[in-house]
Amino acid sequence: MELPLHVLIISSLIKILIVVHVLLIGVMAMILAERKVSGWIQDRHGPNRVGPWGILQPIADGIKFFLKEDLIPDHVDKPIYVLAPAILLVPALIICAVVPFGSSITVAGYEIPLQIADINIGILYVLAITSLGVYGVVLGAWASNNKYSLLGGLRSSAQMISYELTLGLAIIGVLMLSGSLSLREIAIAQGANIWNWNFLIHLPAFLAFTTAAFAETNRLPFDLAEAEQELVAGYHTEYSSMKFAMYFMAEYMNMIVGSAVAVTLFLGGWHLFGLENLGGPFWSGVISIAIFSAKTALFLFVFIWVRWTLPRFRYDQLMNLGWKFLLPVALTSIVVTAIVWIGTQSKLLVGVCNVVAASVVVAIVASTLAMRREPEQIERQEPSFMKGSSSGRT
Amino acid sequence: MLIDYLPILLLLVFAIGFAAINLALSHLLGPKKPTPSKLSVYESGVQPVGNARQRFTIRFDLIAMLFIIFDIEVVFLYPWAIVFKKFSESSGYFILIEMLVFIGILFLGYIYAWKKGGLTWD
């Protein structure tokens, strides 16, 4: 399994080049897909002028970004203002290092794992690098010296750190039954049998993880950081040309890598009914990449679908969801998994008990919140602005 | 096992280079026609009022503190989760009870923060 040093370096460089390009093309494809799917959902065409089926639209956008004026306003903190997009983009790029995008491929007699770096702390690396992304947002917002940016940055950072807890807790149940932090070993532990995949065993944790992943990427039900109606563009209000595009790219890369991590942790990685074992040592690797990409694409479609279906949360609803629902659900999932596994050693029972326990927790929290709400609602029955606006209009 | 991290170092160099090239290219290619209104603070077209470096609500600070407390406790769960399956075969209920005590304390802290209104945003 140990590769000689020169083979390691050359194969790593090739993998890095391929993965980074796939990510960049993935970002372009996502931008096009997002606009096409939103068009489809809203019963209109979406981009269809640049190239056949609008397929060159992202490239045209990219060139436009480069040719726009690179404006640095007078009032900003110049060094941090320039560096902040890079501070966000670099972590977004390097997270993908530990994601196993396929089993392994045999080239020239060397068995090369389809992963840039198989480090034994895999998932901790993902969590650590994800947290670094918050700095890009906060520093950019602070350096912009703009009220919209500051508010957007504060909202975004509070939201990201709140949901990071859920992200961290939801994974623990998976780690307990896999016994490893390495993403490759977690994927292998799930195997080809769909009943062994973690999203069935840890369904509440999977839903909590997915929700937290949406919040981490500042996507629509959670995009309070850049709520257009109140904050213009949020933390990147003062950014233009390529610096704005870098924020944009980082967001889409985080989405792609987040989906890839979710597929690895919960949806069986590159496994699918044993299809990944067809063919020889070369073709099985290629097939596993195809399976992994298909699953990631499916997950990304859900990202887009949710964005164009759900309206935006209010900030207190966002914090309630994160701290009062997802956190206890993730915590309960750990306890239930531990107790049921020690008692019965049965993954089926763990799955069933997890769902039951999560439903109970959600019911308890919801009833607690409902009891607290009542006096508030009586107070707010007749908001004063209603009278003002109705008389103003007539 | 430090050699495992070599590809990550290569990727880091690559990522920093990519970011730097992006910043440099747009700096070189874009036109430069600054005007006073372009360079001023954007406040939806209204004359900017005051500085943006103002006080903000204490809630954000509170969330950050709660995050640090809980995140550190989550970190302690990771080593336990890794050895859980192996230990549960040999020592059985010991590892379970040990963790239940820890999560119990964590949960008490959580309830306390909730009752004190630390998790309520209004």
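The values are calculated or read from the model by the stated rules, or taken from the named source; none is laboratory data. Keep in mind that this is a model prediction, so the values were computed, not measured. Cβ sites come from the backbone with ideal geometry, for glycine too, and all protein chains shown count toward neighbours.
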Inset, instruction - Would you mind telling me which numbered condition in (1) in contact (Cβ under 8 Å) with a residue 40 or more places away in the chain; (2) more than 27 Å from the chain's Cα centre (by Cα) residue B:44 fails? - result: (1)
Inset, instruction - Consider residue A:11 carefully, then state whether it is surrounded by fewer than 20 Cβ atoms within 10 Å (Cβ to Cβ), in contact (Cβ under 8 Å) with a residue 60 or more places away in the chain, over 23 Å from the mean Cα position of the chain (by Cα) and farther than 17 Å from residue B:19 by Cα. - result: yes
Legend entry - Scope the range A:30-57; condition surrounded by 15 or more Cβ atoms within 10 Å (Cβ to Cβ), outside any loop (DSSP other than H, G, I, E, B) and at pLDDT below 85; matching residues: A:54
Legend entry - Failed condition for residue A:181, given (1) of a type in the set (A, V, I, L, M); (2) at the interface with chain B (Cβ under 9 Å from one of its Cβ atoms); (3) buried (at least 22 other Cβ atoms within 10 Å of the Cβ); (4) not in a loop (DSSP other than H, G, I, E, B): (4)
Legend entry - Which listed residue is among the acidic types (Asp, Glu) and under 30 Å from residue A:120 (Cβ atoms), from B:98, B:43: B:98
Legend entry - Index of the failed condition, residue A:265 passing every other in (1) within 14 Å of chain B (Cβ to nearest Cβ); (2) within 14 Å of the chain's Cα centre (by Cα); (3) farther than 25 Å from residue A:356 by Cβ; (4) surrounded by 24 or more Cβ atoms within 10 Å (Cβ to Cβ): (3)
Inset, instruction - Inspect all residues belonging to the range B:72-81 and state whether any of them is surrounded by fewer than 17 Cβ atoms within 10 Å (Cβ to Cβ) and at pLDDT below 80. - result: no
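Hey, can you tell me all the residues within the range B:29-46 that are within 9 Å of another protein chain (Cβ to nearest Cβ), in a helix (DSSP H, G or I), out of contact with any helix residue (DSSP H, G or I) (no Cβ under 9 Å at 6 or more places or on another chain) and not charged (D, E, K, R)?
B:36, B:39
For the range A:185-203, give me each residue that is over 22 Å from residue B:75 (Cβ atoms) and either outside any helix (DSSP H, G or I) or in contact with a helix residue (DSSP H, G or I) (Cβ under 7 Å, 6 or more places away or on another chain) (or both).
Once the filter is applied, which keeps residues that are over 22 Å from residue B:75 (Cβ atoms) and either outside any helix (DSSP H, G or I) or in contact with a helix residue (DSSP H, G or I) (Cβ under 7 Å, 6 or more places away or on another chain) (or both), the range A:185-203 yields A:187, A:189, A:190, A:191, A:192, A:193, A:196, A:197, A:199, A:200, A:201, A:203.
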Inset, instruction - Could you identify the single residue in B:49, B:13 that is of a type outside the set (Phe, Trp, Tyr) and either at the interface with chain A (Cβ under 9 Å from one of its Cβ atoms) or outside any helix (DSSP H, G or I) (or both)? - result: B:49
Legend entry - Top-ranked residue in the range A:107-126 [being part of a helix (DSSP H, G or I) and within 9 Å of chain B (Cβ to nearest Cβ); ranked as surrounded by the fewest Cβ atoms within 10 Å (Cβ to Cβ)]: A:124
Inset, instruction - Kindly indicate which of A:22, A:27 is free of Cβ contacts under 8 Å to residues at least 60 places away in the same chain, within 14 Å of chain B (Cβ to nearest Cβ), within 27 Å of the chain's Cα centre (by Cα) and surrounded by 14 or more Cβ atoms within 10 Å (Cβ to Cβ). - result: A:22
Inset, instruction - Answer yes or no as to whether residue B:60 is in a helix (DSSP H, G or I), out of contact with any Asp or Glu (no Cβ under 9 Å at 6 or more places or on another chain), closer than 15 Å to residue A:172 by Cβ and of a type outside the set (D, E, K, R). - result: no
Legend entry - Top-ranked residue in the range A:43-101 [being within 13 Å of chain B (Cβ to nearest Cβ) and basic (Lys, Arg); ranked as nearest to the chain's Cα centre (by Cα)]: A:64
Legend entry - Sole residue being within 26 Å of residue A:66 (Cβ to Cβ) and either modelled with pLDDT under 80 or within 14 Å of another protein chain (Cβ to nearest Cβ) (or both), chosen from A:251, A:216, A:226: A:226
Inset, instruction - Pick out the one residue from B:62, B:100 that is surrounded by 13 or more Cβ atoms within 10 Å (Cβ to Cβ) and within 8 Å of chain A (Cβ to nearest Cβ). - result: B:100
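Rundown of residues vs (1) over 30 Å from residue B:46 (Cβ atoms); (2) out of contact with any Pro (no Cβ under 9 Å at 6 or more places or on another chain); (3) in contact (Cβ under 8 Å) with a residue 60 or more places away in the chain; (4) not small (Gly, Ala, Ser), yes/no style:
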| site | (1), (2), (3), (4) |
| --- | --- |
| A:106 | yes, no, yes, yes |
| A:109 | yes, yes, no, no |
| A:125 | yes, yes, no, yes |
| A:167 | yes, yes, no, yes |
Legend entry - Matching residues in the range A:212-222 - criterion: being within 9 Å of the chain's Cα centre (by Cα) and assigned to a helix (DSSP H, G or I): A:212, A:213, A:214, A:215, A:216
Inset, instruction - Considering each residue of the range A:329-348, count those that are at the interface with chain B (Cβ under 7 Å from one of its Cβ atoms) and over 17 Å from residue B:107 (Cα atoms), and give that number. - result: 2
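Here is a yes/no grid of residues against (1) buried (at least 24 other Cβ atoms within 10 Å of the Cβ); (2) aliphatic (A, V, I, L, M):
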{"position": "A:189", "(1), (2)": "no, yes"}
{"position": "A:209", "(1), (2)": "yes, no"}
{"position": "A:212", "(1), (2)": "yes, yes"}
{"position": "A:223", "(1), (2)": "no, no"}
{"position": "A:233", "(1), (2)": "no, yes"}
{"position": "A:239", "(1), (2)": "yes, no"}
{"position": "A:244", "(1), (2)": "no, no"}
Legend entry - Residue in the range A:62-78 that is closer than 19 Å to residue A:257 by Cα and basic (Lys, Arg) present: no
